[in-house]
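Undergrad: Please read through the structure below; I'll follow up with questions.
Every number here is computed from the coordinates shown, using simple stated rules; none is lab data. Computed from a prediction, not measured in an experiment: that's the story for all the values here. For neighbour counting, all protein chains shown are included, and Cβ atoms are generated from backbone atoms with ideal geometry for every residue, glycine included.
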Amino acid sequence: MKMPVMECHGIRRAGLITVAVISVVIMIVTGYGYVAAQRNGWQQMPGSLSQISAGSDRNVWGVNREGKVWRWSGRDWESMPGRLKQISVGSRDDIWGVTESDEVYRWKRRDWERVEGRLSYISTGWDGTVWGVNRNDEVWRWSGRRWERMPGALKQVSVGTRDWVCGVTSSDEVFRWKDGGWLQVDGRLAHISLSSDGTIWGVSRAGQVYKHNR
């Protein structure tokens, strides 16, 4: 099944880097660092970020090209402690990130707490489920105490809940975790994000935005 493209008028030419989904609101970061949100149409937001993540409770965090961490207040971006290359928000109580040296951290009330292991990308779901991948495309899942090696090889993973996990390979193939194994999904994407209604949102290497209903 071919995935339908969602037109992003006025933004598409910039090239998209990441997409984050908050219920029915989609937020993206373009190749120029612009932040945009979509509900009934795209609207450019203040700020410049290299990556963004949104939780189920509408908590939105992001990082810029210098690794500075920012949190959306509802009106503007608030500077937060720490330096990260990538951040993932499940809810206000489940926020994880990785540094340029692949160190793993989770947010604890007012500061970051170091977690064992090294990952290049991390994702946390709305129920607190956490998966990640390292530079060798190895896939890992957090048990609550340690990282457990999972099958497969992925460059990026996205977690909705324990039972709703998808990822993309180094060749942009899309897979969904089901019954203890990976099931391939139609299409090729460079980056994906899962929504609470079961939709997979993603961007291609060309910067086009796609959605796929499971």
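Undergrad: So which lysines pass the test for LYS211, namely a Cα distance under 16 Å, with those fewer than 8 places away in the same chain ruled out?
TA: Leaving aside lysines fewer than 8 places away in the same chain, those within reach of LYS211 are LYS2.
Undergrad: Pop the C-beta distance of ASP197 and ASP137 into the FRET formula with R0 = 41 Å and round what comes out to the nearest 0.05.
TA: Result of the calculation: an efficiency of 0.90.
Undergrad: Any idea how far apart THR161 and SER101 come out in nm if each label point goes 7 Å out from Cα toward Cβ?
TA: So the two model labels end up 3.9 nm from each other.
Undergrad: Also, I was wondering about something else. Residue by residue, what Karplus-based ³J(HN,Hα) values in Hz, rounded to whole numbers, does the stretch 45-62 have, using 6.51, -1.76 and 1.60 with θ = phi - 60° and x for Gly and Pro?
TA: Going residue by residue, I get 9, x, x, 9, 10, 9, 7, 9, 8, 10, x, 5, 9, 6, 6, 10, 10, x Hz, with x marking Gly and Pro.
Undergrad: Here's a follow-up. Lysines near LYS85 by alpha-carbon distance under 18 Å, same-chain residues fewer than 8 away left out - which ones?
TA: Cross-link targets: LYS68, LYS155.
Undergrad: Continuing with the same structure: Under the 0.36 nm per residue contour assumption, what length would be gained going from the current alpha-carbon distance of SER73 and ALA206 to full extension? Please report the intermediate quantities before stating the final value.
TA: On the way: separation 133, 0.36 × 133 = 47.88 nm, distance 3.14 nm.
Fully extending the segment from SER73 to ALA206 adds 44.7 nm.
Undergrad: On to the next question. Quick one: length gained pulling GLU173 to ASN213 fully straight, 0.36 nm per residue minus the C-alpha distance?
TA: Taking GLU173 through ASN213 to full extension adds about 12.8 nm, to one decimal.
Undergrad: Label GLU113 and GLU148 with points 7 Å out from Cα along Cα→Cβ: what is the distance between them in nm?
TA: Computed distance between label sites GLU113 and GLU148 equals 2.0 nm.
Undergrad: Less than 12 Å from a label point 7 Å out along the Cα-to-Cβ axis of ARG188: which backbone N atoms in the stretch 194-214 qualify, by residue?
TA: What the label zone holds, given the 12 Å backbone N cut-off, is 204-206.
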